[in-house]
1. Shape call for region 298-344 from the C-alpha gyration tensor, a ≥ b ≥ c root eigenvalues: rounded (a/c under 1.5), prolate (a/b greater than b/c) or oblate?
2. Kirkwood hydrodynamic radius of region 242-305 from all distinct Cα pairs, in Å?
3. Place a point 7 Å from Cα of Lys329 in the direction of its Cβ. Which residues in region 234-276 have their backbone N less than 19 Å from it?
4. Using alpha-carbon pairs under 8 Å, 6+ residues apart, how would you state the relative contact order of region 222-299 in percent?
5. Cut-off under 24 Å on the C-alpha distance; same-chain residues fewer than 8 positions from Lys188 excluded. Which lysines are left, in chain and number order?
6. From the square roots a ≥ b ≥ c of the eigenvalues of the alpha-carbon gyration tensor of region 178-319, which class results: rounded (a/c under 1.5), prolate (a/b over b/c), or oblate?
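Throughout, read-outs are computed from the coordinates displayed, never taken from laboratory work. Note that the structure is predicted; figures quoted are calculated from it, not measured. Ideal geometry is used to build each Cβ from the backbone, glycine not excepted, and the neighbour counts take in all protein chains shown.
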Amino acid sequence: MMHTVNGVPIRQLAKQHSQYSLATIFRHCRQQMDKKYVVKRGGRPSKITERDKRQLVRTLHRLRQVDGSCTSKSIQLNAGLSIRVANRTVRRHLNLLGYKYRQTRRKGILKKKDLLLRVKFAKMMMADWSEDVWREDICFYLDGSSFAHKVNPHDEARAPVARVWRKKSEGLSFSCTSKGKKAGIGGKSAHFIVCICYGKGVIFCEQYDKMNGAFFAHFMRRNFKDILSKSCNPNGHLFLQDGDPSQNSKVAKIEMNKVNAVVMAIPPRSPDLNPIENVFHVLQKKLGNDAIDQNITHETFVQFSERVKDTMLRFPSSTIDNIINSMPKRLREIVKRRGERLRY
């Protein structure tokens, strides 16, 4: 205050207050000067009111439930702000409220606890197992996946990737998931349980209606020995699956113990640690490309299911081998990135 009002030099103040360093006194004077010369800016009043902001959020949530994905223009029109508010203003205020026009997700967002578990798993695998575990010790990889049936696959394949106005933390919300996938807005889905292994490719593919503990227990009792005999290690018992509640339920574990099956458990929300997820991703793209190349403009659910199964059974074994061979490198990358999810 003495410096800013009375003009006392900073070095003189330092001599008078020797208990403080010159840097401390200078910093304090600088803060006072910044406060003195702050210019209060004016400007035009905002055209969007607090009531309009609440209306935007309500309209956004309503459109997500009905249409799945919605643009800022549709939000603006349905909120009744198209006359006096520009679309740029609507987008800016949605951004300020934490909403971005993000691509819809199919997997959960990792938490700090998940990162630690992923690093711990990667270090354990590198320390206790050799790199050959993915090719030799793990007999097969098992997982279930759903493929959405569309009456006109050609047009659906050419449609742009679904996006939705959502917050970062809303990736798994019902109205924010990808259109036509396991949840969210979409048609009937064909469910398949698939097994792959190194050097053999796809060794099992079966369609099912509903996945639960009783179904998976019956599946293991009926098919485990047959799948094992077709795998790369018929004398082994180790296989890998994710943490699906149905596949890890009490009734399923009892049946797995009866058939001497041993599960290689991976951390939750870690599809990049399960090679079969890559197979499903590539298969989904191939189904879309085939619909365009073959000009499939109409397809029944039965025809679609047969096409999915036929494409799966003809999946190149060499591609599966390349995916499995990349697992040791993925473990090193997970440790290097401190658990962050990899592109897969």
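1. Note, shape of region 298-344 comes out oblate.
2. About 15.0 Å for region 242-305.
3. Label zone hits: 271-276.
4. With pairs under 8 Å counted, the relative contact order is 26 percent.
5. Cross-link targets: Lys107, Lys150, Lys179, Lys210, Lys285, Lys286, Lys309.
6. Prolate, because a/c is 1.5 or more and a/b exceeds b/c.
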